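The values are calculated or read from the model by the stated rules, or taken from the named source; none is laboratory data. Not measured: the values here are computed from a predicted model. Cβ atoms come from the backbone with ideal geometry, glycine included; neighbour counts cover every protein chain shown.
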Amino acid sequence: MPRVVDRPDGARLRAWDGLVQACPLSDVAQTSAWARVRAQVGYGARYVLVEDGGRLVAGAQVLVRRLPLVGEIGYVPYGPLVAPEAATRTEVVDAVADGLRALTRDRTRVLFVQPAEGGEAAAAALRRAGFRSSAAEVAPAASLHVDLGVDEEVLLHGLSRRLQRWTRTWEQRGVTVRLGCADDLPLLSALLAQTAEHQSFVPLGHDYLQGMVAELDVDGHVVSFVGEVDGRPVAMALLTGSGSVLKARLVGLDRSDEAARLNVAAAVYWTAMRWAKDQGYGWFDFGGLLPESVPALLGPGAPRLDDLAGPDRYKARFGGVPYRCPEPVEMFSSRVVRLGYDVARRSATGARLLEAAQRTARGGSPFGRQGGRGPGAAS
């Protein structure tokens with residue numbers, strides 16, 4: 001039977017983290033390290049755990065926070081997760097879905113869930129448990145990823161012709177890419193601030209970034225790369241790894257003409273892809289698509305790259321394959337709460353307030369997008 005655990009002991013947390021790592025398409029947002037990251041902005045974590053014969057076979061990490069006048073809200077980014085050997089067992093996925101539903105009866109007023117890529121069985125179980133479709137964006141529901149199981153020459157030919165040419169000229173133009181370290185975090189903060197100003201989003205603060213890297217680095221879930229021109233750093237990317245996926249999380253760029261002219265950000269991505277392949281990752285993920293880009297890439301017919309927003313059009317040049325996670329769902333503690341939410345969403349003012357509350361609940365500013373890659377930067 002599922003159990004809701006507010007403060008799991010060390011052994012149970014290690015078992016949960018082991019299950020997350022065993023799921024090939026998992027995300028760090030389901031690790032206990034990420035719960036510690038989110039604790040910096042007032043979140044707690046609850047765990048719905050399903051055991052079979054004393055062994056953990058499924059579960060979900062629920063990030064929760066109290067909001068004024070609302071009470072406790074929660075969200076599940078890229079979960080629930082089911083151990084690969086139990087993924088086809090209906091009773092297992094139903095148990096974790098029922099456990100999540102029980103949260104809304106016991107303590108959580110509103111619960112939003114973004115199932116993980118490949119989590120169709122879990123998504124179906126959530127619907128059987130009474131969850132309904134949701135418009136809330138608790139994590140990007142679609143992205144692009146590159147299969148790293150092919151030879152490097154195949155990876156190279158997957159790039160656009162322009163990027164293929166750049167891979168042969170970066171070195172002679174003085175462009176190099178190195179692994180980042182903790183001392184580079186002020187650089188990332190500065191580059192994100194420039195990118196934020198250019199793209200009109202709210203960057204993550206330096207203290208939050210520092211805490212994020214410290215927590216994720218304990219179990220090797222984070223890596224960064226710095227792009228330089230003649231030894232001067234002009235681009236930096238922070239990536240997270242879980243299961244078989246290395247995912248771009250934050251990217252900052254010096255907006256000077258030289259950095260753009262030499263396409264240094266692309267050199268960073270290309271180096272990260274090659275590194276991920278060497279480390280045994282199966283996929284490189286570009287960290288999410290903007291909602292307006294999804295119809296162009298996943299609609300009927302061939303992808304319409306000219307219809308993509310600028311950042312997503314850039315990502316598509318690396319040969320990634322678009323994918324869509326199962327549809328997000330939501331559950332409310334009562335019909336009254338659900339009715340109030342629906343009424344608010346139907347008015348322009350209410351929709352803006354709900355959007356601001358959602359951003360604030362996720363630890364960002366209520367006045368604009370957060371992070372370096374859209375709404376999922378602080379999932």
### Message
Looking at (1) outside any strand (DSSP E or B); (2) surrounded by 21 or more Cβ atoms within 10 Å (Cβ to Cβ); (3) aromatic (Phe, Trp, Tyr), which one does Trp275 not meet, given that it meets all the others?
### Response
(2)
### Message
Would you confirm whether or not segment 308-321 contains a residue that is of a type in the set (A, V, I, L, M), assigned to a loop (DSSP other than H, G, I, E, B), within 27 Å of Cys181 (Cα to Cα) and outside the structural domain of Ser32 (by TED's automatic domain parsing)?
### Response
no
#### Entry: Unique residue being touching a strand residue (DSSP E or B) at 6+ places or on another chain (Cβ under 8 Å) and among the small types (Gly, Ala, Ser) when the list is Ser242, Ser256
Ser256
## Note on the structure
Taking first residues from segment 145-171 that are closer than 24 Å to Leu289 by Cβ and second residues anywhere that are hydroxyl-bearing (Ser, Thr, Tyr), the pairs with Cβ under 8 Å that are 6 or more apart or on different chains are His145/Tyr323; Leu148/Tyr281; Leu156/Thr167; Leu159/Thr167
### Task
Of the numbered conditions (1) over 27 Å from Leu339 (Cβ atoms); (2) touching a residue at least 24 places away in the same chain (Cβ under 8 Å); (3) surrounded by fewer than 18 Cβ atoms within 10 Å (Cβ to Cβ); (4) among the basic types (Lys, Arg), Arg7 fails exactly one; give the number of that condition.
(2)
### Query
Can you tell me which residue in segment 131-153 is nearest to Ser26 (Cα to Cα), limited to those that are charged (D, E, K, R) and part of a strand (DSSP E or B)?
Asp147
### Options Leu353, Leu297, Leu289, Leu305; residue that is modelled with pLDDT under 85 and within 20 Å of Val245 (Cβ to Cβ)
Leu297
### Message
I'd like the residue in segment 151-163 that is exposed (fewer than 13 other Cβ atoms within 10 Å of the Cβ) and of a type outside the set (Asp, Glu) and, out of all such residues, is farthest from Lys315 (Cα to Cα).
### Response
Val154
### Message
Considering only residues that are touching a residue at least 12 places away in the same chain (Cβ under 8 Å) and over 14 Å from Pro8 (Cα atoms), which ones fall in segment 34-50?
### Response
Trp34, Val37, Arg38, Gln40, Val41, Gly42, Tyr43
### Task
For segment 255-269, state whether one or more residues are of a type outside the set (Lys, Arg) and in a strand (DSSP E or B).
no
## Note on the structure
Residues of segment 67-110 being surrounded by 22 or more Cβ atoms within 10 Å (Cβ to Cβ) and of a type in the set (Gly, Ala, Ser), in sequence order, are Gly74, Gly79, Ala95, Ala97, Gly99
#### Entry: Which listed residue, of Arg66, Arg89, is among the charged types (D, E, K, R) and more than 21 Å from Glu330 (Cα to Cα)
Arg89
#### Entry: Residue in segment 292-322 that is farthest from Ser143 (Cα to Cα), counting only those that are of a type in the set (A, V, I, L, M, F, W, C) and surrounded by fewer than 18 Cβ atoms within 10 Å (Cβ to Cβ)
Ala302
### Message
Every residue in segment 113-135 that is over 22 Å from Gly243 (Cβ atoms), surrounded by fewer than 18 Cβ atoms within 10 Å (Cβ to Cβ) and not hydroxyl-bearing (Ser, Thr, Tyr), please.
### Response
Arg127, Arg128, Gly130, Arg132, Ala135
